[in-house]
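Visitor: Below you'll find the structure I mean.
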Amino acid sequence: MPAILALFGSLIVVVLTAWINTRMLSAQIETVNSRIDALRAEVRQGFAELELRLTKQIMELAHRVERLEEQRGLIRTP
């Protein structure tokens, strides 16, 4: 009987330890996932800002080209 109780006690300790380790691992994974989500949002924002700056520069450049064409009497064909 004492051997069975010792075995049962060991089983309880093993199961409890595995459950605690699983909970800790899940918490760590959740932390990493939230950090990844934050980095993705940061990258998306960076790309959006870059797109806005490029769009503005392209529009400004197109406007300069139009002014130069007008000044020199050039005709742009589509």
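Visitor: Check Ala41 against each of (1) surrounded by 10 or more Cβ atoms within 10 Å (Cβ to Cβ); (2) at pLDDT below 95 and name the one condition it does not meet.
Guide: Result: Ala41 passes all but (2).
Visitor: List the residue pairs whose Cβ atoms are under 6 Å apart, where the first residue sits in the range 40-68 and is touching a residue at least 12 places away in the same chain (Cβ under 8 Å), the second is surrounded by fewer than 10 Cβ atoms within 10 Å (Cβ to Cβ) and β-branched (Val, Ile, Thr), and the two are 6 or more positions apart or on different chains.
Guide: none
The values are calculated or read from the model by the stated rules, or taken from the named source; none is laboratory data. Remember, it's a predicted structure, so these values are computed and weren't measured experimentally. Methodologically, a virtual Cβ is constructed for each residue, glycine included, from the backbone with ideal geometry; neighbour enumeration extends over all protein chains shown.
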